[in-house]
Structures are given as structure tokens and as C-alpha cells.
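Structure record follows, encoded as C-alpha cells.
The values are calculated or read from the model by the stated rules, or taken from the named source; none is laboratory data. From a predicted model like this one, the values you see are computed outputs, not experimental measurements. Glycine gets a Cβ as well: all are built from the backbone with ideal geometry, and neighbour counts include every protein chain shown.
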Amino acid sequence: MAIINQATKELQVKIVYYGPGKGGKTTNLEQIHTNVQNVQDKGKLVSLATSSDRTLFFDFLPIEAVAIKGFKTKFQLYTVPGQVIYNTTRQLVLRGVDGIVFVADSQYDKMAENVESFQNLEANLKALKIEFSDVPYVLQFNKRDLPDAAPVEYMEFLLNNREVQVPSFATVASKCEGVFESLNMITRLLLNKFINDSGAKKA
């Protein structure tokens with residue numbers, strides 16, 4: 001959950017990029033780190049990738065945003081490892097999560113992995129006693145530039161077929177297409193939640 005430091009007037013928010021292996025989670029963070037113009041606004045990108053280019057633990061990139069309600073907001077961005085054998089690490093990274101960007105791979109032959117990863121996300125949140133309905137999230141349908149990309153409508157049916165649908169974005173993370181749109185939406189959802197929650201507590 002968000003950490004509010006009254007002394008420093010700082011709000012820390014944790015966003016986790018979740019999804020199947022090699023779907024584009026780390027690429028998202030690399031693009032954000034490269035394209036955030038103000039060096040003071042971004043921390044060091046810590047990447048623990050293996051020789052097969054998979055993130056073993058997580059990437060972590062703190063970004064400072066504009067002050068809201070007098071609080072300076074710091075977004076901490078993480079990714080989870082895509083491989084199932086590192087599920088314990090996924091749970092560790094999910095601890096204290098505020099918002100999620102689920103990065104799905106648009107290739108047809110990755111659909112089963114997308115669904116499996118989404119179900120794994122729900123299971124891990126449940127194991128951590130976190131209500132999925134309480135966590136704002138957005139969907140990324142990544143790798144839209146590939147010739148075997150499934151239709152967006154099909155991916156919506158697989159991953160966004162719920163009573164309350166969430167924002168979704170067609171992205172090409174390797175070209176930074178849709179990366180910041182996804183980030184902006186999840187941060188907007190989180191800041192709105194913070195404003196509403198703090199207003200409710202005062203009331």
C-alpha cells in the first residue's frame with residue numbers, strides 16, 4: 001500500500017509490471033528510464049537480467065512526479081520474473097503493491113501464457129490477502145507490430161472480459177509506443193484513489 005511520510009510530505013506508490021516471460025515488462029521500464037527527460041526525476045534502473053535476457057528478480061525505477069495535495073509523489077516501478085519457477089519472487093515483489101500494469105504478449109502462440117500469467121497474478125494477490133478488486137490496474141497488449149499479433153478484440157475477450165473493464169492499450173514497447181500512455185493512466189488511477197481515500201478518511 002502507498003507509504004505516506006507526513007514529515008517529508010512524500011507519497012510513495014508502488015507499481016508492478018506483471019505478465020508472461022519476454023512479454024515486454026523490462027522493455028517498458030527501459031523505455032521509461034531512457035525517455036524521462038529530467039535526470040533528477042528518475043533513479044537508477046536496476047536490472048537483474050540473466051544471459052537469456054529474462055529478469056530474474058525485478059527492475060526498480062523511482063520516478064518523482066508533481067506534488068499533489070502538498071505531497072511529492074514518488075512512483076516505484078518494478079517488474080516480476082516471467083518464469084513460473086520464480087513464483088516466490090513474484091509474490092515478494094507484489095507485497096505492498098498499489099497498482100499493476102499487466103503486459104500481455106500479442107502473439108497468437110502466447111495467448112495461453114497470457115491467461116496463465118493473469119490467473120497467477122490473481123492467485124498471488126489472494127495468497128498475500130490482497131483483494132484484486134482493490135488494486136487499480138491497466139492492460140497492455142504489447143508487440144502489436146508483429147505479423148502474428150492477435151486482434152485486440154480477441155485479447156480484450158481473454159483478459160478484459162469482466163463486469164468492470166479496465167483501460168487497455170495497444171503497445172509496441174520496443175518503440176516506446178503506448179508505454180507512457182499506460183504509465184500515465186495507472187498513475188492517474190492511483191492518484192485519484194489516494195485523493196478519494198484521503199478525502200473519505202477526513203470525512
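The table below gives the values:
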item	result
Residue satisfying all of: in region 120-153; β-branched (Val, Ile, Thr) and closer than 24 Å to residue 191 by Cα; surrounded by the most Cβ atoms within 10 Å (Cβ to Cβ) among these	138
Enumeration of residues in region 69-88 that are buried (at least 17 other Cβ atoms within 10 Å of the Cβ) and in a helix (DSSP H, G or I)	86
In region 46-55, residue modelled with the highest pLDDT [restricted to those that are surrounded by fewer than 16 Cβ atoms within 10 Å (Cβ to Cβ) and either part of a strand (DSSP E or B) or touching a strand residue (DSSP E or B) at 6+ places or on another chain (Cβ under 7 Å) (or both)]	46
Yes/no for residue 116 being more than 17 Å from residue 26 (Cβ to Cβ), of a type in the set (Asp, Glu), in a helix (DSSP H, G or I) and out of contact with any His (no Cβ under 9 Å at 6 or more places or on another chain)	yes
Test set (1) of a type in the set (A, V, I, L, M); (2) under 23 Å from residue 79 (Cβ atoms); (3) over 13 Å from the mean Cα position of the chain (by Cα) - residue 195 fails condition number	(2)
Among the residues listed as 66, 101, the single one being among the hydrophobic types (A, V, I, L, M, F, W, C) and either at pLDDT 80 or above or buried (at least 16 other Cβ atoms within 10 Å of the Cβ) (or both)	101
Selection from region 157-203 of residues that are modelled with pLDDT of 95 or more, small (Gly, Ala, Ser) and not in a helix (DSSP H, G or I)	168, 170, 178
Residue in region 123-140 that is in a loop (DSSP other than H, G, I, E, B) and more than 17 Å from residue 16 (Cβ to Cβ) present	no
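For (1) over 25 Å from residue 129 (Cβ atoms); (2) at pLDDT 85 or above; (3) not β-branched (Val, Ile, Thr), each residue gets a yes or a no:
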{"position": "15", "(1), (2), (3)": "no, yes, no"}
{"position": "26", "(1), (2), (3)": "yes, yes, no"}
{"position": "32", "(1), (2), (3)": "yes, yes, no"}
{"position": "35", "(1), (2), (3)": "yes, yes, yes"}
{"position": "73", "(1), (2), (3)": "yes, no, no"}
{"position": "83", "(1), (2), (3)": "no, no, yes"}
